[in-house]
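To keep things clear, I will list the structure first and then write my remarks on it.
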Amino acid sequence: MRVRLACFASGIVLVAASAHAQAPGAGIAANLQFQYNNLKGNLTQAADKISDAEFGFKVGTAPETRTFGQLFGHVAAAQFAQCSGAKGAANPTQGKNLEELTAKADIVKALADSFAFCDDAFSSLTDQTALELVTGGRGGPTARAVGLYGLIVHSNEM
């Protein structure tokens, strides 16, 4: 009985915490916009605070490990790709490897440009347009919200 009560109480706490963390309006679009704006602020501030030399730093010696600069370049490239699909527009960085950028100014610009490209995909999102099917994702058409949510998850993970 105590285990059930503890599980129930834990569930209530988790639900309350997630409800509190949601954006005002609590719709699909409002929540995605809220999470995107948090992500944008966090990554932009992080990139600004890292010194030029630290963009070349990587943890460990494994060849597949990315430097900080490559991580930000990877995020920028992924955001361009995801938002081009959500917008139904061509990817302006198609054929470019943003992970090859090494100068802080170039990396910060690529990140800022990716956010500028994505801003209208998120700001124009409504609960209706979030459910519209778009192409450009893996495996065929998917709801616009799925691609934009994937961008948020991926960029936060990086």
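The values are calculated or read from the model by the stated rules, or taken from the named source; none is laboratory data. The structure presented is a predicted model; accordingly, all values stated were derived computationally and were not measured. All Cβ positions, even for glycine, are placed from backbone atoms using ideal geometry, and neighbour counts span all protein chains on display. To get the accessible areas, we keep the full protein, side chains included, count just its heavy atoms, and leave off ligands, DNA and RNA. Shrake-Rupley method; radii C 1.70, N 1.55, O 1.52, S 1.80 Å.
Normalised per residue, the accessible area of segment 55-136 is 54 Å², obtained with a 1.4 Å probe and no contribution from ligands, DNA or RNA. Bridging of K49 to lysines at a Cα separation below 24 Å is possible for K40, K58, K104, K109, once same-chain residues fewer than 8 apart are set aside.
Quick one: net charge around A89, please, counting Lys, Arg +1 and Asp, Glu -1 for every other residue with C-beta under 15 Å from its C-beta.
-2
Per-peptide packing, taken as the mean over residues of other Cβ atoms within 10 Å, places 72-85, 115-128 in the sequence 72-85, 115-128 from highest down.
Diagonalising the gyration tensor over the Cα atoms of segment 33-129 and scaling each eigenvalue by 5 before taking the square root yields semi-axes of 26, 15, 11 Å, largest first. Taking all protein chains as present, what is the carbon and sulfur share of the accessible area of segment 86-139, in % to the nearest whole number, probe 1.4 Å? Carbon-and-sulfur percentage of accessible area, whole number: 52.
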